[in-house]
Every structure is written in C-alpha cells, then in structure tokens.
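Please treat every number below as a calculation from the coordinates, not as lab data. Keep in mind that this is a model prediction, so the values were computed, not measured. Virtual Cβ from ideal backbone geometry, glycine too; neighbours counted across all protein chains shown.
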Amino acid sequence: MTRLHLDYETASDLNLKKTGAYKYAQHHSTRILMLGWAFDDEPVALWEPHKDIIPARLLLGIRDASINKHAFNAAFERLITRHCLGLEIPPEQWRCTMVESFYLGFAGGLDKCLKAVGLPPKDARGNRLINVFCTPAAKNHKADWYDWNNKPVEWHEFCQYCVQDVDVERRLWHWMQQFPQMNEWDYQQWFNDQRINDRGVPMDVDMAECAIDIWDMEKADITSTMVEEMGIPKVTREPFLQWIEDNTGVKLDNTRKDYIASLLHKGTLPPEAEPYIKLWAQKEGKATSKYSAVINGTCDDGRARGMFQYKGASRTDRVGGRLIQLQNLKRPLYGDTHQTIDNVVNAIKCRDPKFLSMLFPDSVSEILGGAIRHALSAPEGHTFAICDLTSIESVILGWVAQCPSIDATFRDGKDSYRMFASKYYGIEYDEVTKAQRSFSKPPVLGCGFMLGWKGLIAYAEGYGVDMTQEQAKNAVDTFRGMYPEIPKFWQWISDAVKYVTSTHIQCEGYRLRIERDSEMLRIWLPSGRALSYYKPEVRRQEAPWSTQEKPTYLDNFTYMGMNDKNQWVRISAHAGGLTENVVQSLAGDILWHGIMNATQANLPVTLHVHDEIAVEIPDAQADTALTTLQACMIDRPHWCRDMWLGAEGFITKRYTKD
C-alpha cells in the first residue's frame with residue numbers, strides 16, 4: 001500500500017503542551033506554517049502555504065482512502081488536517097509511528113527513539129526554531145510574530161528542519177519493519193481509541209474555576225498564618241527549615257512531599273513542630289493542578305479531549321494518561337452517594353474556604369484533591385454508566401500461574417482479601433473484620449509481583465496501612481504459602497528469559513512463548529501480542545541483600561528502556577517485574593475487548609481508567625446501558641475462555657469511585 005509521510009509545523013496563540021492537541025487545533029489562531037511530505041521513499045517535499053496553494057498531488061494523496069498517512073504522533077497530524085485544512089480523514093487511513101514504537105518497547109518523543117536505536121537524530125536546531133516561529137514573540141520584542149519576512153535565515157533553517165523531520169520519521173518506520181508489527185485488531189483498537197478521544201469527556205469548568213479560587217484564598221491564609229505565628233518574612237524552604245530546627249529541635253532532611261507526608265503519617269513529631277509542618281504540607285500541596293488541567297484542556301463545547309494515549313504506559317502496552325491524567329486521581333473523601341457528591345460540589349461552588357472547612361473536617365487541600373473526579377460531569381439529560389472488572393490482576397495472575405485456589409476463590413463468589421485475612425489471622429472467613437480486610441489488601445495486590453517484606457512495608461504505606469517488619473514478613477510468607485504456584489511461575493519466567501537471551505532458543509510454558517533475535521527478546525502473550533525488550537543481556541550483578549562481609553551476585557536479565565526518571569538506560573528486570581508486565585498487559589487486552597464490545601453495542605465509551613469503562617448515555621437508558629456494559633466486559637476473548645471474569649457497576653451524574 002502507498003504511504004504518505006507527513007509532518008506539520010504550526011503556530012498558535014495557545015500553548016500546545018498546556019491545552020493538548022484538540023483545543024490547540026480547533027483554536028482560531030492556529031495555522032499551518034509548513035508541511036513536509038513524501039510518498040513512499042521519494043525525496044521529501046515542502047509546502048509553504050504563504051507561497052502557494054497546496055500541491056494537487058499532496059491534496060489528492062491526503063484525500064485518497066487507499067493511501068495510508070504516516071506520522072510520528074499521527075493524532076496531531078490528523079487534527080491539524082481536520083481543523084486547519086478542513087479535511088476529515090478518518091483514523092483508519094492513518095498509521096502512527098509513535099504508537100508502533102511504543103509497541104516495540106520504546107518510549108518518549110521521536111528524538112529519543114532515534115537515539116535509542118542508533119539512527120541519525122533530529123535537527124538540533126528544532127526546539128530553538130519552534131520557539132521562534134510557533135509561539136508569539138516576547139512582549140519586549142518589536143514584532144508580535146516572527147516569520148519568513150523578518151527572520152528569513154532562520155526560516156530557511158526551519159524549512160530544512162521540517163523536511164528532515166519527515167526523513168527521520170520515515171527512517172524509523174523502515175527500521176521497525178524488521179520486527180513483528182502490530183496486529184490488525186490492535187490497530188482497530190487504536191482507531192477506536194482515536195474516536196474515544198474525539199468524543200471527549202464532559203467537564204464542569206465552573207467547578208474547576210471555583211476550586212482554584214478557593215485554593216488561592218486558602219493558600220494565602222495559610223501563608224499569612226505561618227508568617228504571623230513563626231515570625232519569618234517569607235515562608236520559603238530555607239527559612240522554614242531553619243525556624244523548625246531552631247524552635248522545635250526537629251531537623252528535617254528535606255521538604256519533599258513524600259518525606260513530609262511520611263513524617264505526619266507516623267505521628268511521632270513533637271506537638272510544637274507538627275502544626276507548622278502540617279501547614280507547610282498544606283501550603284505546598286498541588287491541590288488544584290488537575291483543576292487547572294481541566295480548564296486548560298477543555299474545548300469550547302465543555303469537553304476535554306485527547307486524554308488517552310494508546311500504548312502510552314511503558315512496557316505493558318496499556319493506555320497512558322494525558323492532560324488531566326485520570327489514571328492517578330485521588331479517591332473521593334465524600335463521594336459515596338449522589339447526595340454527598342452534590343454537597344461537596346455545591347460547597348466548592350460557594351467559593352468560600354471557611355464554609356468548606358465548616359462542612360467537612362479535612363483540610364481544604366484534601367477536600368479539593370478528593371473532589372477532582374466530580375469535575376467530570378455528564379451534561380443535562382445524560383448520565384454515566386460505569387463498570388469495573390473485579391480484581392482483574394489477581395484473576396489473571398492466578399490464570400497465568402495456573403493457581404486453582406485463586407480461580408476457586410472468585411468462582412465461589414468469595415473476596416480475595418478476606419481469604420488472605422482468614423489465613424493470616426487464623427480465623428474463619430466470616431469472622432474477618434473490616435480492619436483485617438483493609439490490612440490484607442496490600443499483600444494480595446503486591447506480593448503476587450514478588451514484593452519482599454521491605455517493599456511490602458513501603459507499598460502498604462500507600463494504602464494507609466502501617467506494617468511492622470514482623471507483620472510484613474508473615475504476610476509475604478502467608479501469600480507464598482497460600483499460592484505456591486506463583487513462586488514457581490516466577491522461577492520459570494526468570495529462568496526462561498535468561499535461557500532464551502543466552503541461547504536464542506525459543507521457550508514455551510504457562511501459555512507464553514519467549515523468543516529473541518539479534519535486537520529484541522519477545523514474550524508472546526496468549527492474546528497474540530508480544531512484549532518486547534530491546535538489546536537483552538544477562539549480566540552478573542550484586543544482589544540487593546549483598547553485604548561487604550558476604551557479597552552475593554546474581555545473573556540478571558537486563559534490557560534497554562526508559563527508567564522512572566525518563567532516562568534511556570539498561571534496566572535490570574526481576575521475575576516479579578516481568579510477571580507484572582504480563583499480567584498488566586493481559587488486563588489491558590481484556591479491557592479493550594470490553595471496550596470494543598461496548599462500541600459494537602452502540603454504547604458511547606467516554607473514558608476508561610485502569611480496569612474501568614464509563615459510557616455516557618441518556619438518563620432513560622441508564623439501567624439498560626449498565627446491564628449491557630457489564631455483559632460486554634465479562635464476555636471472554638477467544639484466548640481465555642476458561643478464565644473467570646466479573647464486573648460490577650453503578651450509575652452516576654458525576655464521576656466517582658464506587
């Protein structure tokens with residue numbers, strides 16, 4: 001099939017990173033500066049709208065349904081084509097080199113991908129030239145905008161940059177063809193992903209604006225209180241740390257959010273220090289950052305678009321969050337019922353932090369942070385039907401590791417946390433208390449991915465659960481004793497990836513197939529997709545528990561990838577991490593099966609987060625839609641007919657966590 005490679009350079013009054021591509025492309029000020037284009041492997045051509053009308057061959061190629069349009073981050077090119085050229089080209093005619101690179105285990109922008117694979121980089125002048133021509137000039141400059149008239153030399157460089165962008169994108173596409181490509185059904189899911197992004201999520205912008213106003217007033221009040229009571233002219237990091245040490249004897253290591261939160265959670269701070277450290281934590285909280293994202297990313301019709309990046313979650317192929325980042329929203333503090341949700345929202349809309357504090361006992365920052373989900377609000381006459389897959393990670397882990405006791409737990413209608421608590425505390429299932437069930441949640445969710453006792457203590461803190469060393473050790477032993485098949489699976493996958501990496505001989509087991517070539521190790525999943533690990537090696541490394549007196553070394557599976565600091569480095573992967581990759585990836589496949597089913601059932605999917613799907617429907621159809629959505633989600637794909645699946649749901653006007 002003929003390919004047409006495209007790359008736009010645009011200018012706008014809006015900041016693309018703040019608003020996202022949808023709002024940016026729709027804005028009246030957004031315009032095309034130039035378009036680099038090339039059919040197949042022909043020389044790259046450049047169209048500059050200020051010089052001439054669009055070339056006939058280019059226009060015909062864009063309109064031709066038999067020609068695939070290729071771009072790195074094709075969603076942007078598709079939207080600019082729609083709003084600035086006035087051509088509606090459906091997702092089926094586009095191919096995204098960025099998504100294809102994500103499938104192969106890469107991450108980040110085009111330049112990072114090129115560097116990772118050793119291809120020639122993008123033109124280093126690019127960012128500087130984009131700042132010159134794509135955004136308004138600084139206020140103290142003579143011109144409002146720079147272009148070909150007032151900066152002709154730089155404009156010529158910009159044209160060269162655009163042409164080179166098409167060339168390097170095409171080189172990357174060619175380089176990736178040596179590896180197995182995305183399945184057609186995988187691309188069908190991306191087409192649907194594009195339509196879900198096009199549909200957008202309805203937002204209550206008024207609520208977001210009120211929340212920001214409240215926080216501005218509250219933060220000013222907190223700062224004033226600290227200045228008055230502490231006697232320091234400015235409440236900044238160094239004066240604050242010095243005052244705390246001088247007046248309370250507490251020497252804080254730093255003011256990082258997680259460190260301060262841990263100190264406050266432990267409750268061991270002296271009474272003369274705790275109130276001020278708590279005030280600092282409240283002042284520095286990002287209570288309204290997501291409300292700002294709501295305002296910045298919402299289009300004129302009240303819907304935020306472009307919040308989901310297909311395959312954007314590194315190494316699992318799951319959907320990543322963009323703009324408002326729905327994947328990491330805080331749980332609602334007061335959002336269990338329609339009435340409590342309305343109470344919180346109405347109180348926020350009063351724009352009075354003192355009134356908010358009178359109604360609810362938590363700090364203003366905590367109330368606002370917990371209420372962010374409710375800014376996602378169905379329009380008049382409509383509602384959300386929301387369904388969540390039941391304990392899907394535990395279900396899949398038990399299925400992959402062939403653990404019959406996990407499968408039996410769910411088939412018998414029992415709760416996995418209560419089952420664990422029953423074993424841990426040595427009591428009957430029906431005797432488990434709410435507190436004991438809450439204690440059991442971190443071990444059940446974390447120990448399946450090989451958490452040791454130290455890791456479990458830290459993991460449990462994130463759930464508000466305090467564990468002693470002895471409790472954590474007992475929890476790890478209990479989990480592994482209850483489900484011995486899981487440690488056996490860890491051992492198998494650890495041995496298998498190292499064996500295949502070293503010998504290049506394919507290995508099969510546990511419904512997985514592992515293979516490698518000169519560049520990649522692939523774990524083929526039963527769904528038909530592969531998890532790819534670039535430049536795999538087995539390296540002897542010092543064990544985490546190694547000491548100077550008793551050094552210990554392990555042969556570890558390693559590969560090149562993006563770490564948590566967004567750095568391209570060699571990563572050491574233990575069996576628990578590989579297990580999590582497999583489980584998370586299969587969970588994504590099952591969720592997408594439910595999304596595709598819902599689409600075929602004419603349910604307009606509005607959002608999907610982790611293992612949850614929300615559809616937006618007329619009020620009168622809510623009950624029927626919820627039943628249909630649940631059926632769509634528990635329908636098993638052909639590759640896991642023997643897996644138990646469950647889903648529970650609810651109906652709500654404002655988004656919340658049931």
Asp658/Asp555 FRET efficiency (R0 35 Å; Cβ-Cβ; nearest 0.05):
0.15
Calculate, in whole percent, how much of the Cα-Cα pair population of region 469-601 lies beyond 25 Å.
39
On a C-alpha basis, how far is the centre of region 360-400 from the centre of region 251-271 in Å? Whole number, if you could?
29
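In the neighborhood of Glu648, defined by Cβ-to-Cβ distances under 13 Å, what is the net charge if each Lys or Arg adds +1 and each Asp or Glu adds -1?
Spelling it out: positives minus negatives among the neighbours equals -4.
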Positive-end extreme of charge dipole, the chain - chosen from Ala575, Ile457, Ser440 (charges on Cβ)
Ala575
In the chain, whole DSSP H helices that both stretch 24 Å or further along their axis by alpha carbon positions and average at least 0.0 on the Kyte-Doolittle scale are 205-230, 575-600
Spin-label model distance (nm) - Asp301 vs Asn149, 7 Å beyond Cα toward Cβ:
3.6
With 10 Å bins from 0: P(r) over the chain, alpha-carbon pairs, percent:
3, 13, 21, 25, 22, 13, 4, 0, 0
Inter-centroid distance (Cα atoms) of region 20-74 relative to region 470-499, Å
53
Among the DSSP beta bridges whose two residues both lie in the chain, what percent are antiparallel, rounded to the nearest 5?
90
Any chance you could run the full-extension gain for Glu88 through Arg237? It's 0.36 nm times the residue separation minus the Cα-Cα distance, nm to one decimal.
48.5 nm
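Show me the three semi-axes of the equivalent ellipsoid for region 14-53, from the C-alpha gyration tensor (sqrt of 5 times each eigenvalue), largest first, rounded to whole Å. Walk me through the intermediate numbers first.
Numbers: eigenvalues 134, 39, 9 Å².
Semi-axis lengths for region 14-53 are 26, 14, 7 Å.
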Working out 0.36 nm times the residue gap between Leu59 and Asn343, then minus their Cα-Cα distance, what length gain in nm do you get to one decimal?
96.8 nm
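If the chain between Gln506 and Glu184 were fully stretched, how many nm would it gain, using 0.36 nm times the residue separation less the Cα-Cα distance?
Values: separation 322, 0.36 × 322 = 115.92 nm, distance 2.46 nm.
Gain in length upon complete extension: 113.5 nm.
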How large is the dipole of the chain about the Cα centre if only Lys and Arg carry +1 and Asp and Glu carry -1, each at its Cβ, rounded to the nearest 20 debye?
1000
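Sequence gap at least 6, Cα distance under 8 Å: using those rules, report the relative contact order of region 234-304 to the nearest whole percent. Walk me through the intermediate numbers first.
Details: 24 pairs, mean separation 15.8, N = 71.
It comes to 22 percent, rounded to a whole number.
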For a paramagnetic label modelled at 7 Å from the Cα of Asn68 toward its Cβ, which residues of region 80-107 fall within the zone defined by backbone nitrogen distances under 15 Å?
91-104
Computed over the chain, the relative contact order (Cα-Cα under 8 Å, seq sep at least six) in percent reads 13
I'd like the Kirkwood hydrodynamic radius of region 176-303, using the inverse of the mean 1/r over distinct C-alpha pairs, in Å.
18.6
Taking only C-alpha positions in region 549-656, Rg and Dmax in angstrom work out to 19.9, 71
Which trypsin sites (Lys or Arg not before Pro) from region 240-336 combine a DSSP loop assignment with at most 13 other Cβ atoms within 10 Å?
Lys251, Arg256, Lys286
Using per-residue counts of other Cβ atoms within 10 Å, averaged over each peptide, order 621-627, 392-398 from highest down.
392-398, 621-627
Spin-label zone in region 439-478 - amide nitrogen under 13 Å from a point set 7 Å from the Cα of Arg331 along the C-beta vector:
439-442, 460-466
How high is the relative contact order of region 248-367, in percent, counting Cα pairs under 8 Å that sit 6 or more residues apart?
16
Once both label points are put 7 Å beyond Cα along the C-beta direction, the Arg480-Phe39 separation in nm becomes 6.3
